[in-house]
Amino acid sequence: MWHLYQFPLCPFSRKVRLALSEKGVAYELKREKPRDASDSFYSLNPAGRTPVLHDPGRNHVLIDSQAICEYFEETVDKAPLILGSALARAEIRRLVSLFDESFFGDVTGPLLQEKMKKRLVLRSSPDSRVLRDAMRLAHEHLDYVDWLIDNHRWLAGAQLSLADFAAAAQISVADYLGGIDWAGHEPAHAWYRVMKSRPSFRPLLSDKMEGIPPPRDYADVNA
Ligand SMILES: N[C@@H](CCC(=O)N[C@@H](CS)C(=O)NCC(=O)O)C(=O)O
């Protein structure tokens, strides 16, 4: 059985949880605090970052959400997530990287720093200027999601793909931290409601970070 080392608001671990669940791969969650992790976690990943997937029986270790998702894409036939022609697969990977890097760098990362790390680790107040900037940039990213959904059924085209799960994973963490305002983003909001109502999403929505309650509508699939 695979063990997934993660914490509830790690968007990259959420992306892996969604992909594993869609593909029907069984795993057990192991809670880890990046940068304040146990020695056994550092021995699996000296970089101290989540997610890490470990199969203790075979001593296989997979690190990095994209490497993990690609591994299961290559080894599990069920529910292909990087699919279609070479051109279509390149578009899926482009969008995954856009959300993993730009959305995380602009929105999820600053929100996690200001609303989670400062509260739980540094015991300081969030910087309202950083929060305002993150929310402004979230609107710009959601404008792009609106445009994609106005032009295709799913983010990367006609098929549900890893691009949708990578984006929804980032957005779900930003939403938990109060950084998403759906006003003016009806196409993106309708797409996100569909993502939220997938069975693979349910366990994520019920997961809580102690000391940081989510907004009232966060787990409501109709909200
Ligand atoms: N590219 C990596 C990013 C992983 C990452 O940044 N994880 C964060 C938690 S969400 C982390 O462990 N941060 C601690 C650190 O960078 O020291 C992936 O996709 O897995």
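A few notes on this one:
- Segment 46-55 - residue that is surrounded by fewer than 20 Cβ atoms within 10 Å (Cβ to Cβ) and assigned to a loop (DSSP other than H, G, I, E, B) and, of those, nearest to the ligand (Cβ to nearest atom): ARG49
- Residues of segment 138-181 satisfying the condition of being more than 18 Å from the chain's Cα centre (by Cα) and more than 19 Å from PRO110 (Cα to Cα): ASP143, ASP146, TRP147, LEU148, ILE149, ASP150, ASN151, HIS152, ARG153, GLY157, ALA158, GLN159
- Looking only at segment 83-99, residues that are open to solvent by 30 Å² or more (accessible area, probe 1.4 Å) and within 14 Å of the ligand (Cβ to nearest atom) come to 3 in all.
- Single residue of segment 1-21 satisfying the filter (open to solvent by 30 Å² or more (accessible area, probe 1.4 Å) and away from the ligand (no atom under 13 Å from the Cβ)) that is nearest to SER197 (Cα to Cα): SER21
- Of the numbered criteria (1) over 27 Å from TYR176 (Cα atoms); (2) hydrophobic (A, V, I, L, M, F, W, C); (3) in a helix (DSSP H, G or I), the one PHE99 fails is (1).
- Here SER124 fulfils each of the conditions (1) more than 15 Å from GLN113 (Cβ to Cβ); (2) over 19 Å from the mean Cα position of the chain (by Cα) apart from (1).
- Residue match in segment 119-133 (condition: in contact (Cβ under 8 Å) with a residue 60 or more places away in the chain and open to solvent by less than 70 Å² (accessible area, probe 1.4 Å)): yes
- Taken over segment 2-42, the criterion of being in a loop (DSSP other than H, G, I, E, B) and at pLDDT 95 or above is satisfied by PHE7, PRO8, LEU9, CYS10, GLY24, VAL25, ALA26.
- Options GLU74, GLU70; residue that is farther than 23 Å from MET116 by Cα, open to solvent by 60 Å² or more (accessible area, probe 1.4 Å) and not in a loop (DSSP other than H, G, I, E, B): GLU74
- The lone criterion from (1) open to solvent by 70 Å² or more (accessible area, probe 1.4 Å); (2) over 20 Å from LEU204 (Cβ atoms); (3) not in a helix (DSSP H, G or I) left unmet by PRO80 is number (1).
- Evaluation of SER102 against (1) touching a residue at least 12 places away in the same chain (Cβ under 8 Å); (2) open to solvent by 60 Å² or more (accessible area, probe 1.4 Å) (one fails), failing number: (2)
The values are calculated or read from the model by the stated rules, or taken from the named source; none is laboratory data. Predicted model only: the values in this text are computed from it and were never measured. Counting neighbours? That spans all protein chains shown, and the Cβs are built from the backbone with ideal geometry, glycine included. Just so you know, the surface numbers come from the protein's heavy atoms only, side chains and all, with ligands and any DNA or RNA stripped out. Shrake-Rupley method; radii C 1.70, N 1.55, O 1.52, S 1.80 Å.
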